[in-house]
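Below: one structure, written as structure tokens.
The values are calculated or read from the model by the stated rules, or taken from the named source; none is laboratory data. Nothing here was measured: the structure is a model prediction, and the numbers come from that model. Glycine also receives a Cβ, built like all others from the backbone with ideal geometry; neighbour counts cover every protein chain displayed. Heavy atoms of the whole protein, side chains included, go into the accessibility calculation; ligands, DNA and RNA do not. Shrake-Rupley method; radii C 1.70, N 1.55, O 1.52, S 1.80 Å.
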Amino acid sequence: MTSKQGFNRDIKIAPSILSADFANFGLECEAIEAQGCDWVHVDVMDGHFVPNITFGPQTCKAIRPHIKGVMDVHLMIAPVDPYIEAFAEAGADVITAHVEAGPHLDRTLQAIRSAGCRVGVALNPATPAEAIEFVLDRIDLICVMTVNPGFGGQSFIEAMVAKVARLRALIGDRPVHIEIDGGVTAKTAPLVAAAGADVLVAGSAVFSGGSVATPQVYGQNIRAIREAAVAAIRAEKAA
Ligand code: DX5
Ligand code: ZN
């Protein structure tokens, strides 16, 4: 069952620490939270499911005390089931697994729930919205990949806007977030916000130009994305 407690569709900005200083995750997480982000997005890559390697549960555990809010763990790994417990123990609030990561998605989602975490499911760009139609009552979040996962700084794939709209219709009144991951900027955020997304992951667009020594740049970047998204929702409602 999904939990309705505290659920809302307000825009949430989730900086991806894939674009942070890897030697300084603790202070980077503290800086983005102090500058007004809502969630912290943590990209786990295995060099097998995606062509890049980042880090595992021990790093997540080490950064957990530096995050006051939601730690949103995006697992780009296959297989995923053997590692769910470790990421839950590391303090993940949300664990997101990919539809494409294994043959038994329903079992994976149940395992995330049993581990005590909020349940996310991610769709690669070529995966249709309907792939999650029969697990909608098991999930709290759908992550729409708007780039092919593996690297930060790629260009937003515009065809995904229609997928977001289709997912929003499929969700109906269920308390399920739509998260966008990849190429989110103040220019692309309005497109997905108007289509029904509420969690916006942004790596390069948040971290570029700033550092823990100049965190106010992070704040400006976060505000620019949020304001563009909120304005698009207002315009959509007024239309
Ligand atoms: C891509 C990751 C994303 C990525 C987003 O594989 O899942 O979270 O870091 O980075 P930007 O915002 O730079 O596209
Ligand atoms: Zn991600």
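Per atom type, the stretch 42-129 shows carbon and sulfur on 54% of its accessible surface, probed at 1.4 Å. Here the 3J(HN,Hα) profile of the stretch 50-62, calculated from phi with Karplus coefficients 6.51, -1.76 and 1.60 at θ = phi - 60°, is 10, x, 7, 10, 10, 7, x, x, 5, 5, 4, 4, 5 Hz, Gly and Pro shown as x. When the helices of the chain are scored as -39500 (n - 2.57) per DSSP H run of n ≥ 4 and the total is divided over every residue, the value at 222 nm lands at -9500 deg cm²/dmol.
In the chain, excluding the sites themselves, the longest stretch lacking any of the chymotrypsin sites (Phe, Trp or Tyr not before Pro) that are in a DSSP loop with at most 14 other Cβ atoms within 10 Å is 23-239.
Its Kirkwood hydrodynamic radius, worked out from the mean inverse distance over all distinct Cα pairs, puts the chain at 17.5 Å.
Looking at the chain as a GNM with Cα springs under 10 Å, which of 198, 173, 21 has the largest mean-square fluctuation? In the Gaussian network model the winner is 173.
If a/c stays under 1.5 just call it rounded; otherwise compare a/b with b/c (prolate if a/b is bigger, oblate if not). Do that for the stretch 104-239, with a ≥ b ≥ c from the square roots of the Cα gyration tensor eigenvalues. Kindly include the intermediate steps, with their values, before the conclusion.
Details: a/c = 1.86, a/b = 1.42, b/c = 1.31.
Prolate, since a/c reaches 1.5 and a/b exceeds b/c.
Solvent exposure of the stretch 12-238, expressed per residue, is 41 Å² of accessible area, with all protein chains present and a 1.4 angstrom probe.
Looking at the stretch 1-84, the trypsin sites (Lys or Arg not before Pro) that sit in a DSSP loop and have at most 12 other Cβ atoms within 10 Å of their own Cβ are 4, 68. Our summary gives the stretch 12-238 a relative contact order of 19 percent, counting only alpha carbon pairs under 8 angstrom and 6 or more residues apart.
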